[in-house]
Amino acid sequence: HNYHHGGAEGEVTGRRSRRGSDGKFARKNSSRNGGGGAGTAGGGDVSPRQQQGDANDGKGKGKGALTNTSTATTTAAAAADHNQPQQQHQQQIVPASSNNNGSNNNSDNLLRGGNWHGNSDLAELEAEHHEITKVKNISKIIMGRYTVEAWYYSPFPHPYNQLDSLYICEYCLKYMRKPKFYLKHCSGECPHRCPPGNEIYRENNISVYELDGKDHRVYCQNLCLLAKLFLDHKTLYYDVDPFYFYVITEVDEEGAHIVGYFSKEKVSAEEYNLACILTFPQYQKCGYGKFIISLSYELSKREGKPGSPEKPLSDLGKISYRSYWTHVLLTLFAEQKGDENIQIKDISLMTGIKTEDIISTLQSLNMIRFWKGQHVVFVMQDFLKKYMSEQKRKKKKLRLCDGKYLSWVPHAERKKGGAGSGGVGAGGSD
């Protein structure tokens, strides 16, 4: 798990789906509910079934300000200071074989079972899931110029699911068993040098591509299979169609190298803006976790609909998101004039953060007080100055998404129609 390795990425989990197999990862256990963590988490997904070749991160003493607010609704500011779409490879996925043995049937039933809330045999299912996934089935992956140790079980199809080394093309995500086929593929067979989909962000050497799970099904399914090697307690499903995927890359003269990704439901009744997020181990501790989180909120701001990561969050997820929310709110307060009164709903629209996340963050900072019969936000000038001074002194600046480099129009505002771009890649090969 990314957070276990000190990265700013963790694992976010989703709610129980009302659609059944809706492309959700199951959650990390948090008591009886699935937990996840923020920074790296479960979203759209792949079934454990075999595909016909699936391609393959205040208390300083000083002056303060009290401002009147309505409960949970208002607050006062403190005093102080290219990618063209690739040609489609319409590759069909072969359903699960009917001659699975008993253990495979148990595994398939478990993995498709999804979230385990309210089941009478919850403990039995959890024990079975633990038994299936407790042993890594792939020791390491070779992807691009990196050899990366796998952390967890991932249900790659036979014969790719019990290997010491799995070779993965970092551009099309095709996976292979033998180095000679991998070298042949990378040296000329693969025509791709970036993910499929549309490039929506370019800042220096960072580029982000948006993919529709329906249009790029094979790529997205294999992205989820790959991600499962680094995410614990994730149940993969077959259907990635209900999700958008946002793939973050580093660009050089060779191409766009995948760094991480996050997925997002196309339609979310709870207004979740992030389902799964992962920064691959070779790029962790480089600030990409906060970048991916900030990108999800930048999209929410463009949509004019504040969002939130899927709940519940794991403890590590809360730490990552709380750190981001704290930075955004304190930076905003430091930029406000002392005589300005703004409501929490205004802060929510300005930042893309939902009001309940704003309130919980302010409570954790001990900035919400009860004064003269009302809840107010108490912002200390010295605390703000100290925080902003510390941020300026840091040698390693926060890597956040800059909205001026984002070329993206909300899907609700786009004209209907137009052909979707197809997924790249073919299935696994020897």
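The values are calculated or read from the model by the stated rules, or taken from the named source; none is laboratory data. The model shown is predicted, which means the values in this text are computed figures rather than measured ones. Every residue, glycine as well, gets a Cβ built from its backbone with ideal geometry; the counts of neighbours run over all protein chains shown. Note: accessible area is taken over every heavy atom of the protein model, side chains too, but ligands, DNA and RNA are not part of it. Shrake-Rupley method; radii C 1.70, N 1.55, O 1.52, S 1.80 Å.
Open to solvent by 30 Å² or more (accessible area, probe 1.4 Å), modelled with pLDDT under 60 and either of a type in the set (A, V, I, L, M) or closer than 19 Å to Glu199 by Cβ (or both) - does that describe any residue in the stretch 385-403?
Within the stretch 385-403, the first condition is being open to solvent by 30 Å² or more (accessible area, probe 1.4 Å), and the residues that meet it are 385-400, 402.
Narrowing further to those that are modelled with pLDDT under 60: none.
No, that holds for no residue.
Return the residues of the stretch 141-188 that are in a strand (DSSP E or B) and surrounded by 13 or more Cβ atoms within 10 Å (Cβ to Cβ); say none if nothing qualifies. Don't jump to the end; show me each part of the working.
Here is the first cut: in the stretch 141-188, the residues in a strand (DSSP E or B) are 141-143, 146-149, 163-168, 175-176.
Passing the criteria: Ile141, Ile142, Met143, Tyr146, Val148, Leu163, Ser165, Leu166, Tyr167, Ile168, Tyr175, Met176.
What residue, of Ile319, Ile358, Ile353, is closer than 19 Å to Phe291 by Cβ, crowded, with 21+ Cβ neighbours inside 10 Å and of a type in the set (A, V, I, L, M)? Show your work before the answer.
Working: Ile319 fails: crowded, with 21+ Cβ neighbours inside 10 Å; Ile358 fails: closer than 19 Å to Phe291 by Cβ.
Only one candidate passes the filter, namely Ile353.
Collect the residues in the stretch 314-371 that are assigned to a helix (DSSP H, G or I) and β-branched (Val, Ile, Thr), keeping them in residue-number order. Step through it out loud before you land on a result.
Keep residues of the stretch 314-371 that are assigned to a helix (DSSP H, G or I), which gives 315-335, 344-351, 355-364.
Within the stretch 314-371, Ile319, Thr326, Val328, Thr331, Ile344, Ile347, Thr351, Thr355, Ile358, Ile359, Thr361 meet the criteria.
Mind listing just one residue for me: the one in the stretch 252-275 that is touching a Lys or Arg at 6+ places or on another chain (Cβ under 8 Å) and not polar (S, T, N, Q) and, of those, most open to solvent (accessible area, probe 1.4 Å)?
My answer is Glu254.
Out of all the residues in the stretch 322-338, which are over 14 Å from Ile353 (Cβ atoms), of a type in the set (Gly, Ala, Ser) and either surrounded by 16 or more Cβ atoms within 10 Å (Cβ to Cβ) or at pLDDT 95 or above (or both)? Step through it out loud before you land on a result.
From the stretch 322-338, those over 14 Å from Ile353 (Cβ atoms) are 334-338; that's our starting set.
Those left that are additionally of a type in the set (Gly, Ala, Ser): 334, 338.
The answer is Ala334, and nothing else.
Here are the criteria: (1) under 28 Å from Ile248 (Cβ atoms); (2) modelled with pLDDT under 90. Tell me which single one Asn341 does not satisfy.
All conditions pass for Asn341, except number (1).
Right, Gly304: modelled with pLDDT of 90 or more, touching a helix residue (DSSP H, G or I) at 6+ places or on another chain (Cβ under 9 Å) and open to solvent by 10 Å² or more (accessible area, probe 1.4 Å) or not? First the steps, then the outcome.
Working: modelled with pLDDT of 90 or more: yes; touching a helix residue (DSSP H, G or I) at 6+ places or on another chain (Cβ under 9 Å): yes; open to solvent by 10 Å² or more (accessible area, probe 1.4 Å): yes.
Considered against the rule, which asks whether it is modelled with pLDDT of 90 or more, touching a helix residue (DSSP H, G or I) at 6+ places or on another chain (Cβ under 9 Å) and open to solvent by 10 Å² or more (accessible area, probe 1.4 Å), Gly304 comes out as yes.
Does Asn204 satisfy the criteria of being open to solvent by 40 Å² or more (accessible area, probe 1.4 Å), touching a strand residue (DSSP E or B) at 6+ places or on another chain (Cβ under 8 Å) and of a type outside the set (A, V, I, L, M)? If you could, list the steps in order and put the result at the bottom.
Values: open to solvent by 40 Å² or more (accessible area, probe 1.4 Å): yes; touching a strand residue (DSSP E or B) at 6+ places or on another chain (Cβ under 8 Å): no; of a type outside the set (A, V, I, L, M): yes.
Against the criterion (open to solvent by 40 Å² or more (accessible area, probe 1.4 Å), touching a strand residue (DSSP E or B) at 6+ places or on another chain (Cβ under 8 Å) and of a type outside the set (A, V, I, L, M)), Asn204 does not qualify.
Take Glu203 and decide whether it is among the charged types (D, E, K, R), within 19 Å of Phe280 (Cβ to Cβ) and at pLDDT 95 or above.
Values: among the charged types (D, E, K, R): yes; within 19 Å of Phe280 (Cβ to Cβ): no; at pLDDT 95 or above: yes.
Against the criterion (among the charged types (D, E, K, R), within 19 Å of Phe280 (Cβ to Cβ) and at pLDDT 95 or above), Glu203 does not qualify.
What do you reckon, is Tyr244 under 21 Å from Glu210 (Cα atoms), touching a Pro at 6+ places or on another chain (Cβ under 7 Å), open to solvent by 30 Å² or more (accessible area, probe 1.4 Å) and modelled with pLDDT of 90 or more? Walk me through it before giving the result.
Details: under 21 Å from Glu210 (Cα atoms): yes; touching a Pro at 6+ places or on another chain (Cβ under 7 Å): no; open to solvent by 30 Å² or more (accessible area, probe 1.4 Å): yes; modelled with pLDDT of 90 or more: yes.
No: the conditions fail for Tyr244.
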